[in-house]
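Coordinate-derived values only; no laboratory data. Everything quoted here is computed from the prediction, not taken from an experiment. Heads up, the Cβs are rebuilt from the backbone with ideal geometry, glycines too, and the neighbour counts pull from every protein chain shown.
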Amino acid sequence: MPQLFADPDARIDLAMLVHAEQEFEWTRHPVVGETIVARARIADDQMRRGLRLLTLETRCTVGGEPLCVSRMLSVIRAR
Amino acid sequence: MPVGDEIPTREVEITEAGIRAYAEASGDRNLIHLDEIYARTAGLPGIIAHGMLQMGVLAEAVSDWAGGPGRIRKLRCRFAATAVPGDTIRFGGQVAGETESGLELELWGVNQKGERVLTKAAALVDR
């Protein structure tokens, strides 16, 4: 997540960002000792009434097998 | 049938120290959670608690009722209002339905003023 938010191409003003919604869906839960790989993509990025609504979807896997999918909606206000 | 069953509530008192500890634990060191002047300049009332700090306590409430975090299949919420140091947030919910996928819970988070801090909150739990 820090990699995305700090990416200059993403143009995210962190001061003006609020975490608006969050959801998780677990295929199974991780066990101590496992290494989780998380891959995130921008699922949606749109302007609505002057607010930027950014949806980040992250897929977590262990050894290539699905663990969890999460979605984060951030609302970024203009300065 | 468990439909209508209420889950025991959990409370969290929001403090600056708790927010700082959560920033370290989560790695989310956005200054809106740590720096009062930065937060006010950004148009916030002051430093605010992470939404995920609240969702974590919500997850604890569900986990305690469900018999462990491993029994939670889905969890979602909207962070409807800010939570700041001095606030106390109470979380709870009830069983809204039962399907072959599991038990559907409707959840809520309310502060000491009765304002809903979490909305659209729900979980799916293994039966």
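In this Cβ point-charge picture (+1 for Lys and Arg, -1 for Asp and Glu), the protein assembly as shown has a dipole of about 620 debye about its Cα centre.
For chain B, the longest principal axis of the C-alpha atoms and the axis of helix B:16-26 are separated by about 70°. For chain A, pairs of C-alpha atoms spaced more than 17 angstrom apart make up 50 percent of the total. A run of chain B free of exposed loop cleavage sites, with GluC sites (Glu not before Pro) counted only in DSSP states other than H, G, I, E and B and at most 16 other beta carbons within 10 Å, reaches its longest extent at B:1-99.
Which of the GluC sites (Glu not before Pro) found in segment A:5-53 are in a DSSP loop and have at most 11 neighbouring Cβ atoms, other than their own, within 10 Å? Passing both the DSSP loop test and the Cβ count: A:34. In this rough spin-label picture, where each label sits 7 Å from Cα along the Cβ direction, the residue B:20-residue A:75 distance is 3.0 nm.
Please work out the Cα center distance from segment B:55-90 to segment A:50-79, rounded to the nearest Å. Their Cα centres are 19 Å away from one another. Sparse packing (at most 16 other Cβ atoms within 10 Å of the Cβ) combined with a DSSP loop state is found for the following trypsin sites (Lys or Arg not before Pro) in segment B:4-43: B:29.
Placing a pseudo-label 7 Å from each Cα along the Cα-to-Cβ vector at residue B:88 and residue B:112 gives an inter-label distance of 0.7 nm. Counting 0.36 nm for each residue step from residue A:40 to residue A:53 and taking away their Cα separation leaves a gain of 3.1 nm. Working from Cα positions, state the angle (0 to 90°, nearest 10) between the long axis of helix B:51-66 and the longest principal axis of chain B. Result, in degrees: 20.
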